[in-house]
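I have placed the structure first, in the form of structure tokens, so that the comments after it can refer back to it.
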Amino acid sequence: MKGSIFWVMFATASLLGCGKSEEAAVSPPIQEALQPVEQAAVESSQVDPVPAQIAEPVAAEVITAPTKQPVVAPTVPARSTQPVAAKPVPAAPVSPATIAAEATPAAPKPDLAHGQQIYRQSCAVCHDKGIAGAPKLNDPAAWVARLAQGMDVLYSTALRGKGAMPAKGGNPSLADADVKAAVDFMAAKSR
């Protein structure tokens, strides 16, 4: 757009330099053709600034006016096909609870049937009868304080052992996931 204005001004100045007045220099058909360019220039000055693009040279064509004097009229370059970057839209406010819920992956549901199988193999000997102070299965009163500490503490205790309870219920060949499944089973049955 700025290039078009330049060429209009250049053509006018060239004709004025030849001793012609501005009105005489530009014929009415050319004035009509230039009006949209001038109007677009005014409108573009009222719009948010867009990064300037390097304009390619504008080709000019010679138009013969009714007075048989050559007049140079600029051709308007085609608009760029490059997309204009959109302004970022502010995001809606997000609560800390929503962020925490999205940040922490959903805990997988415990496999209670698998946990029951591991419990019977390694844990039932002590936890069915309460041997050496082990909290009995299905005894909510014995589990309330332990469950209040959270599942991570229960998992850690079962994996590392505590007091008379050996690590992994005395079966070191168990995978950590198996021990956690047994803890999930015992916690579900003792709530």
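Calculated from the alpha-carbon coordinates, segment 112-189 shows an Rg and a Dmax of 11.0, 31 Å respectively. Each label point was placed 7 Å from the Cα along the Cα-to-Cβ direction; for Arg160 and Lys129 their separation is 3.0 nm. When peptides 155-167, 139-151 are sorted by average Cβ neighbour count within 10 Å, with the highest value leading, the order is 155-167, 139-151. Couplings for segment 148-165, taken from phi via the Karplus curve 6.51 cos²θ - 1.76 cosθ + 1.60 with θ = phi - 60°, read 5, 6, x, 5, 4, 5, 4, 4, 4, 4, 5, 6, 9, x, 7, x, 7, 7 Hz in order; Gly and Pro are left as x. When each of the peptides 111-120, 124-133 is scored by how many other beta carbons lie within 10 Å of its residues on average, the order from highest to lowest is 111-120, 124-133.
Each reported figure results from applying straightforward, stated rules to the coordinates on display, with no laboratory input. This structure is a prediction, so every number in the text was calculated from the model and none was measured. Every residue, glycine as well, gets a Cβ built from its backbone with ideal geometry; the counts of neighbours run over all protein chains shown.
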